[in-house]
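Reviewing the structure listed below.
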Amino acid sequence: WKGIAKRLNNNYGQQHGCHFTSTAEKEWEVSGNIMSLLYEDNFYGREYPGGGYNLTFYGLFCTMTSTDYWLKSAKNLVLPAAVLKTHCYTMMFKNNTGLVFPPRVLPAEVATSTCYYQMFYGCTSLVDAPEIMATSCEGQQNFYGMFMNCTSLTQSPELRITNTTSQCCLSMFNGCSNLTDALELPATTMYYQCYKDMFHGCSALTAAPALPATSLATGCYQQMFVGCS
C-alpha cells in the first residue's frame, strides 16, 4: 500500500497507465474509503493532496485491455472528498462494461473542472447512477460525458446544480439509449454549450425535463435532444 500511495501521490496513475484489475476473479468488487490508498490508516477526514490540479485517481479502475477482469460493484466504495480537484475522478471507471453498481454517493457540493469527466463512460451494464450532491460548478466540463454510452441506465440522477459553467454537462447522457426518465434541471443561468448533446441519442426518452433558465448563452441547448425518437 505504501508503494501505491507514493505512486498515486506523484500522479503516477495518469502518467503511466497505473490501474487496478483482478486476475483472481472474473467479477470483483472494490470497497472502503479511497483515501486509504493515499493515507493508509490515517485517512479519516483527509482531502486530496496538492493544489487545484490533481490526477491521483485518474482512470484508476478504467478498463484498458480486453483481457481485464471486470469490476462488478463499487457500491461500498467511499469517495469522501468535499473539495474536489481538477481531473480528480476523470475516466475513473471508463469502459468497465461489467460495472453494475457505482459508488452510492458523490458528496462534494462544488464540481470543479473535469472532476467527473467521462467517469462512467462506456459502462454498458450500469443500471443506476450515484447520488450527485453538487449544487454548483466551477471551471468547465465538470460532467462532460459522465454517463456517455451507459446503455443500461434507465433514469438520470437528480441534478441539484443551480448554476452552470461552460460545457459543464456536455454529452452527459449521450448515447444512453435506454434512458426513459430525465429528472429536473433547476439551473436558471446558462453558459456556453452547458447542456449541448446532453441527451443526444437517448432514443427511449419519453419526456423532456423542464428548462427554467431565463438567461441563455450560445449553444446552451444545442442538439440537446437529437435522436430522441
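Bear in mind these aren't lab numbers, they're just calculated from the coordinates by the rules spelled out. This structure is a prediction, so every number in the text was calculated from the model and none was measured. Positions of Cβ are generated from backbone atoms using ideal geometry, with glycine treated the same way; all protein chains shown enter the neighbour counts.
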- Item | Counted charge near residue 183, where neighbours are those whose Cβ lies closer than 14 Å (Asp, Glu -1; Lys, Arg +1) | -4
- Task: Work out from phi, with θ = phi - 60° and the Karplus expression 6.51 cos²θ - 1.76 cosθ + 1.60, the ³J(HN,Hα) of each residue of segment 136-149, listed in order in whole Hz, and give x for Gly and Pro.
- Result: 8, 10, 10, x, 7, 6, 4, 10, 3, x, 4, 10, 4, 6
- Query: What is the projected area of the convex hull of the Cα atoms of segment 64-133, averaged over all directions, in nm²?
  - Reply: 4.4 nm²
- What is the Rg over Rh value, at two decimals, for segment 88-205, using alpha-carbon atoms and the Kirkwood definition of Rh? 0.93
- Task: Using a cut-off of 15 Å between beta-carbons, work out the net charge of the residues near residue 220 (Lys and Arg +1, Asp and Glu -1, residue 220 not included).
- Result: 0
- Cα-based convex hull volume of segment 136-182 per residue, rounded to whole Å³: 56 Å³
- Task: Return the long-range amide H neighbours of residue 78 (sequence gap of 5 or more, or a different chain), with a cut-off of under 5 Å between placed amide H atoms.
- Result: 32, 33, 34
- Message: Sorting check: for 178-185, 54-61, which peptide has the highest mean count of neighbouring beta carbons within 10 Å, and how do the rest follow?
- Response: 54-61, 178-185
